[in-house]
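> Sharing a structure, written as structure tokens. Questions coming.
The values are calculated or read from the model by the stated rules, or taken from the named source; none is laboratory data. Owing to the predicted nature of the structure, the values given are computational and were not obtained by experimental measurement. Here the Cβ positions follow ideal geometry from the backbone for every residue, glycine too, while neighbour counts run over all protein chains shown.
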């Protein structure tokens, strides 16, 4: 069974980013149709989790947020965030959770005891749109992957395979229907 348990699509242009939470007036966050949402990937490298968001070269990643998926309150606990990618790797949708590597700003690493059983990782683009996935850090840590692979809800994939899910144009990204 894949360590990625759930995918979400976020949309909403009036998104207001804050260092402690992501609040949006009129922003809808809810389960999406899996046929319409490209999968993202995650892998463990020691105590760091490396995530890869599906994106087109024209997409500008703005922020990555990690929240407690098991927190069922209206405002789930924000565990960690990073914003404003500064390196090619981060701009290409790869984020090393807990380190902030490749981002101009980031939260401090949470205590290991503060990381819940399931975490949601949301990727927010400059448009306010984005994708998110939920995964189990414990399960990802045990996953056996080949070099360069990420776990996805569709099984192991490379960064190139994750990006290839999108039919990229110069203006936007649409899920690849092939």
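> Would you confirm whether or not the stretch 110-133 contains a residue that is in contact with a strand residue (DSSP E or B) (Cβ under 8 Å, 6 or more places away or on another chain), part of a loop (DSSP other than H, G, I, E, B) and under 13 Å from residue 51 (Cα atoms)?
No.
> Considering each residue of the stretch 71-105, count those that are in a loop (DSSP other than H, G, I, E, B) and surrounded by fewer than 19 Cβ atoms within 10 Å (Cβ to Cβ), and give that number.
Number satisfying all stated conditions: 12.
> Would you mention how many residues in the stretch 134-169 are part of a helix (DSSP H, G or I), within 20 Å of residue 55 (Cβ to Cβ) and either touching a residue at least 40 places away in the same chain (Cβ under 8 Å) or touching a strand residue (DSSP E or B) at 6+ places or on another chain (Cβ under 8 Å) (or both)?
The total comes to 3.
> Yes or no: the stretch 45-60 includes at least one residue that is within 12 Å of the chain's Cα centre (by Cα), farther than 29 Å from residue 146 by Cβ and at pLDDT 95 or above.
no
> Sticking with this structure for a sec: Tally time: how many residues in the stretch 42-61 are crowded, with 19+ Cβ neighbours inside 10 Å and in a loop (DSSP other than H, G, I, E, B)?
Final tally of qualifying residues: 4.
> If residue 82 meets every condition in (1) in contact with a strand residue (DSSP E or B) (Cβ under 8 Å, 6 or more places away or on another chain); (2) modelled with pLDDT under 95; (3) within 15 Å of residue 51 (Cβ to Cβ) apart from one, which number is that one?
Exception for residue 82: condition (2).
Residue-by-condition table, conditions (1) within 15 Å of residue 107 (Cβ to Cβ); (2) in contact (Cβ under 8 Å) with a residue 60 or more places away in the chain; (3) out of contact with any helix residue (DSSP H, G or I) (no Cβ under 9 Å at 6 or more places or on another chain):
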site: 40; (1), (2), (3): no, yes, no
site: 57; (1), (2), (3): no, yes, no
site: 60; (1), (2), (3): no, yes, no
site: 71; (1), (2), (3): no, no, yes
site: 79; (1), (2), (3): yes, no, no
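> Something else: Identify, from the list 64, 39, the residue that is modelled with pLDDT of 95 or more, crowded, with 20+ Cβ neighbours inside 10 Å and either in a loop (DSSP other than H, G, I, E, B) or within 16 Å of the chain's Cα centre (by Cα) (or both).
64
Conditions tested, residue by residue: (1) modelled with pLDDT of 95 or more; (2) surrounded by fewer than 16 Cβ atoms within 10 Å (Cβ to Cβ); (3) under 28 Å from residue 72 (Cβ atoms).
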| residue | (1), (2), (3) |
| --- | --- |
| 107 | yes, no, yes |
| 110 | no, no, yes |
| 114 | no, yes, yes |
| 129 | no, no, yes |
| 136 | no, no, yes |
| 139 | no, no, yes |
| 160 | no, yes, no |
| 165 | no, no, no |
| 176 | no, yes, no |
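> Quick one: in the stretch 141-158, which of the residues that are closer than 11 Å to residue 44 by Cβ and in contact with a helix residue (DSSP H, G or I) (Cβ under 8 Å, 6 or more places away or on another chain) is modelled with the highest pLDDT?
Result: 150.
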